[in-house]
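The values are calculated or read from the model by the stated rules, or taken from the named source; none is laboratory data. Note that the coordinates shown come from a computational prediction; the quantities given were computed from them, not determined experimentally. Glycine gets a Cβ as well: all are built from the backbone with ideal geometry, and neighbour counts include every protein chain shown. Each accessible area value is taken on the protein alone, full model and side chains, heavy atoms only, with ligands, DNA and RNA left out. Shrake-Rupley method; radii C 1.70, N 1.55, O 1.52, S 1.80 Å.
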Amino acid sequence: TRLIDRLETILERQQWLQREIDGLGPVADPASLADLRAHLDSLVFPGFITALPTPVFDDLERYLKALTQRVEKLRADPVRDRDRVARLRPWLERYRHRAGLQAARGDLTEGLQDFRVLLEEYRVSLFAQGLGTRMPVSDRRLEARWQALR
C-alpha cells in the first residue's frame, strides 16, 4: 500500500502541475514552458514506474516538489526562470542526444543514467534551492561527469 499511496501522490501532483503549466501561457517565456512540459513528461509517463532509473524514481516526489516550486517562482520572475533554462539547455541537449543514440542501440548505460540523476539534482539547485540536493552539483561537476562518460 505504500507504493499505491506514493503513486496516488505522484499522479495528483502531475495533474496539478499540468493544469498550472497550462495556465502559465501568458506569463512564461516559450522556452520555459517547453522545458516545464518536457521535464514533467520525462518524470511521469506511461510505464514510468519501471522505466525510470531507480534513483530518479526514489526521489520522484522531491523532483515534483521542485517543479511545483519552480512554477510558483516563475509567476513572480519569468526572466529568472528563462535565464536558468538557458543554463540548463546545453546539458539537456547533450544528455538527450546521447540517450537517443544509446536507446536506439538498446543500451542505456549506467553512466548515462547516473548523469541523468545529476541533471535532476542540477534542476533542483537551479529552480528549488530550498529543497537541497542529494549531492554537490555544478556546471564543473556536470562537465567532469560528462567527460568521464567518453
Using alpha-carbon coordinates alone, the radius of gyration and Dmax of segment 1-61 in Å work out to 12.9, 40
Most fluctuating of Asp41, Asp83, Asp107 in the GNM of the chain (C-alpha, under 10 Å) is Asp107
Ordering 89-97, 28-36 by per-residue average of other C-beta atoms within 10 angstrom, highest first, gives 28-36, 89-97
Segment 19-150 accessible area per residue, 1.4 Å probe, protein heavy atoms, integer Å², reads 51
Relative contact order of the chain (C-alpha contacts under 8 Å, at least 6 apart) in percent is 23
Projected onto the charge dipole of segment 1-107 (unit charges on the beta-carbon of Lys, Arg, Asp and Glu, signs +1, +1, -1, -1), the Cα from Gln14, Ala104, Gly47 with the largest positive-side position is that of Ala104
Check: C-alpha center segment 1-59 vs C-alpha center segment 68-121, spacing in Å is 14
Of the candidates Ser138, Leu119, Gly23, the farthest towards the positive dipole end of the chain (Lys/Arg Cβ +1, Asp/Glu Cβ -1, centred on the Cα centre) is Ser138
Under a Gaussian network model of the chain whose springs join Cα atoms within less than 10 Å, the largest fluctuation of Glu72, Glu121, Glu110 belongs to Glu110
Scattering profile of the chain from the Debye formula, Cα beads only, expressed as log10 I(q)/I(0) at q = 0.10 Å⁻¹, is -0.35
